[in-house]
Amino acid sequence: MASVLAGKMGLNSLLRKQSRNFNVRICTMESDMEFSCEVKWKGKDLFDLVCRTLGLRETWFFGLRYNIKDTVAWLKMDKKVLDQEVPKEEPITFNFLAKFYPENAEEELVQDITQHLFFLQVKKKILEEEVHCPPEASVLLASYAVHAKYGDYDSSVHKPGFLAQEELLPKRVINLYQMTAEMWEERITACYAEHRGRTRDEAEMEYLKIAQDLDMYGVNYFLIRNKKGTDLLLGVDALGLHIYEPDNRLTPKCSFPWNEIRNISYSDKEFTIKPLDKKTNVFKFNSSRLRVNKLILQLCIGNHDLFMRRRWVDSLEVQQMKAQAREERARKQVERQRLQREKQLREEAERARDELERRLIQLQDEAHMANEALLRSEQTADLLAEKAQIAEEEAKLLAQKAAEAETEMQRIKVTAIRSQEERRLMEQKMLEAEILALKMAEESERRAKEAEQLKQDLQEAKESERRAKNKLLEITTRFINDRPLDSVALTVYMEKSKHLQEQLNELKTEIESLKLKERETPLDIIHNQNTEQGTSKQSNFKKVISQLRAPHSVFQHRD
């Protein structure tokens, strides 16, 4: 069986040499790429090809990582790819990742692509809990991650539930509190809304500025054993070497800043750190494998080189990159201001249009009501005119009847019979005629008054009709000549967020009552103790920072 495997491996090696090319797959944080490489290519040839493809110029932070025998390894730049212990199966897979971290992301990361790749890698490490992040910081970081993806918050677009499918918080944080997904989204969205006005690039940088203060940010941990046989952890980062207890990766027991280290070397599995101060004891430890020692030394050399570079004058290339970045940011700022102005003018125009539409509807309603009032006035006037005409005709008829009654009475008086009986009858008839005439006169007077009242009502109805017509004319004229109201200027930039620590404290206070204490991890407990004692990453490195301006460390190593 072994001979068969050896034969296959030999055949693969022979075929690879004969083909003159081999295939690789490069996995970045966003996508995968495949290349065909020449067998003579060194690690630098492949690495430069990947960087050119990505448009990346800040190459010193990155490397090509692969796994070999359950151990992480980084492709060496000065050796042929195929001469290294890379996987034998094609396409050979490498991960393009940040190998070294900046001390200050805002000052050191120049290109947007560099910043973006760091953002994606740090976010992944936090979500996968490779970097411990307290709950309140997790919420704030999640809000910047949402802003980097969705841009400015818009309540009409980003409605409840829009984050349901997003992975934004470490599972440890979610399990630590009695909170539903809706409650987490509500708190993340509240922070997200406060970031209005920032670009996506600025949101990613804010994310990195918060993340770089986390205790485990940028630290590579290795299990070691000191001369007494005690298990410890060695941490390598941008500031130096740190020794931790195995169960506490947050607070180092001791640290060796790069500017206090004179020499680092290894022999087989033994690793030696010699401080610059000769009075300080030499620190020796053993690692599990020789390959691990090589990796530790590789990280030490790279971090030390960057540590020194930060304290030297920038190279011409870096100066040009920074100048180009400043020009690009200035151009983007002008473009953003132009877009914001256009957006403001568009929103003002939309508000003016909405106001005109509202006024139009209001005027249409008023015109409709005036038309109805005019119609009612016209109907009332017609009815009153008809009644007045009838009353006038009735009054004329009654007046005519009264005149006829008066004539009849005079005739009766002239033709009265002299006899007593006839006289009595005549007097009775005259009395009746007088009563009838009196009634007729009263009725005529009443009808005349009623006709006069109807004429007055008709006059008022016509006046009401005239006013209704004038009102309608006034509304129409006012609509034609009316100008839009002055709109309130749009607030371009929201009020700046409160101080970061105040935000974190506020978030912590909001969710503290919902915490399930029994689910706290050992690192959570250590973090809480450090917070109560006022211990932070900054205070731990206070001594380191005070000595950073005297870098005299020299590295000697063996292959």
Please order Glu260, Glu103, Glu445, Glu30 by the number of other Cβ within 10 Å, starting at the fewest. Glu30, Glu445, Glu103, Glu260
For the residues Cys27, Cys191, what sequence is obtained by ranking on other C-beta atoms within 10 Å, fewest first? Cys27, Cys191
How big, on average over all directions, is the shadow cast by the Cα convex hull of region 12-127, in nm²? 7.7
How long, wide and thick is region 270-326, going by the Cα atoms along their three principal axes, in whole angstroms, largest first? 46, 31, 14
Full-stretch length increase - Arg353, Glu130 - with 0.36 nm per residue and alpha-carbon distance subtracted: 75.0 nm
Could you tell me the extents of region 308-390's C-alpha atoms along the three principal axes, largest first, rounded to whole Å? 115, 17, 8
For q values of 0.11 Å⁻¹, compute log₁₀ I(q)/I(0) with the Debye formula on a Cα-only model of region 323-462, without solvent. -0.73
Note on region 219-336: the mean projected area of its alpha-carbon convex hull, in nm², is 10.5
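The numbers here are math on the coordinates, done by the rules we state, and not lab data. In this text, all values refer to a predicted model and were calculated from it rather than measured experimentally. No Cβ is skipped: glycine too gets one built from the backbone with ideal geometry, and neighbour counts run over all protein chains shown.
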